[in-house]
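This report concerns only the one structure given below.
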Amino acid sequence: MSRAKALTYCAVAMLVMGVTGTCSRPVFAEQYQVIEVTDGGTIKGVASWNGEIPDLSPFGDLIHPEVCGETQPSSALQVHPQTKRVRWVLVYLDRIEKGKAPAEKYWLHMGQDRTNKVPNTEACQFTEHIFPFVRSQFVAMINFDSILHNPDFYDEKRTSVLNMVMHTPNREIDHTILQYEGRGVMPFQCDIHAHMNGYWAGFHHPYFAVTDVDGKFQLSGVPPGKYTLVAWHEGYKTVRMDATHPIYDRPHVIQKEIEVKSNETVDVHFEFPVRKVTIE
């Protein structure tokens, strides 16, 4: 990005502030300035599970079983049975005013890419079950399956703010609608397939990551300084049903105060759950 050093994003800082300001378009009180980070540090670590791993029931009686299969596992809690490492934990810096540039686009893939150009895709699943992005940038969606998916994004009041009909396989759709919507980490789902649920979060900065199948995460190019690092994991106990989709209990959230030094690495360990949850 040739003008990255001088660019200031009038972007949505809803995760922290939740208030609006004025600019050439609707913006929010907190701004982020892109700079060249030459002495940045790294924050890396793991998320692990303490105690017995709850057994979540799979989804059955699926629509389009010829593509989706007869059952699909729940994505609400995925813990490696041997290592007890936790997947799908959103890790992010609570506040940062300046730093590296964001990606040009943030991708939400659904379905199985049979060309294998996009790794780790599965039929009738969102590849990015936890979907963070920088609000100033494009969100790009693509459906690889031969069947219809329609991702429906909700705000913190569970009001639909974006409902996309993705009926054409391998067609990319880019948009910026989610720049101005929502506050915090919010749900999205495929309205057609009850097992396809996830969470989205819009940030004003690119310092976030999602733990992988080994429970690992890494934030790189972090300017030296003191920060609040947050780890967010969704609730996994079903409290009610909204039509065919489950509504889960409140999330598990951990905060740690850290200091990043020039060209050094900070190791962080998050342990879940933060409270006892009984699955009946």
Quiz item: Regarding residue 142, is this residue in contact with a strand residue (DSSP E or B) (Cβ under 6 Å, 6 or more places away or on another chain), within 26 Å of residue 58 (Cα to Cα) and not in a loop (DSSP other than H, G, I, E, B)?
Solution: yes
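Residue by residue, here is whether (1) buried (at least 21 other Cβ atoms within 10 Å of the Cβ); (2) closer than 30 Å to residue 271 by Cβ; (3) of a type in the set (S, T, N, Q) holds:
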site: 81; (1), (2), (3): no, yes, no
site: 85; (1), (2), (3): no, yes, no
site: 90; (1), (2), (3): yes, yes, no
site: 119; (1), (2), (3): no, yes, no
site: 131; (1), (2), (3): yes, yes, no
site: 140; (1), (2), (3): no, no, no
site: 149; (1), (2), (3): yes, no, no
site: 152; (1), (2), (3): no, no, no
Practice problem: Please list, ordered by first then second residue, the pairs with beta carbon atoms under 6 Å, 6 or more apart or interchain, first in the range 195-213 and of a type in the set (Gly, Ala, Ser), second in a loop (DSSP other than H, G, I, E, B) and surrounded by fewer than 24 Cβ atoms within 10 Å (Cβ to Cβ). | Solution: 198/129; 201/185
Quiz prompt | Scope the range 231-242; condition outside any loop (DSSP other than H, G, I, E, B) and surrounded by fewer than 18 Cβ atoms within 10 Å (Cβ to Cβ); matching residues | solution = 238, 239, 240, 241, 242
Quiz item: Which residues, taken from the range 197-220, are within 14 Å of residue 88 (Cβ to Cβ) and either not small (Gly, Ala, Ser) or not in a strand (DSSP E or B) (or both)?
Solution: 197, 199, 200, 208, 210, 211, 212, 213, 214, 215, 216, 217
Self-check item: Any hit, the range 237-245, residues being closer than 26 Å to residue 100 by Cβ, touching a Phe, Trp or Tyr at 6+ places or on another chain (Cβ under 7 Å) and of a type outside the set (A, V, I, L, M, F, W, C)
Solution: no
Practice problem: Could you please give the count of residues in the range 243-273 that are among the β-branched types (Val, Ile, Thr), without any contact (Cβ under 8 Å) to a residue 40 or more places away in the chain and surrounded by 15 or more Cβ atoms within 10 Å (Cβ to Cβ)? | Solution: 1
Quiz item: Restricting the first residue to the range 85-104 and requiring it to be farther than 21 Å from residue 199 by Cβ and touching a residue at least 40 places away in the same chain (Cβ under 8 Å), which pairs with a second residue that is surrounded by fewer than 23 Cβ atoms within 10 Å (Cβ to Cβ) and among the polar types (S, T, N, Q) meet a Cβ separation below 6 Å and a spacing of at least six or different chains?
Solution: 98/33
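Values quoted throughout were computed directly from the atomic coordinates according to the rules given, and no laboratory measurement underlies them. All figures in this text were calculated on a predicted structure; none of them were measured in a lab. Heads up, the Cβs are rebuilt from the backbone with ideal geometry, glycines too, and the neighbour counts pull from every protein chain shown.
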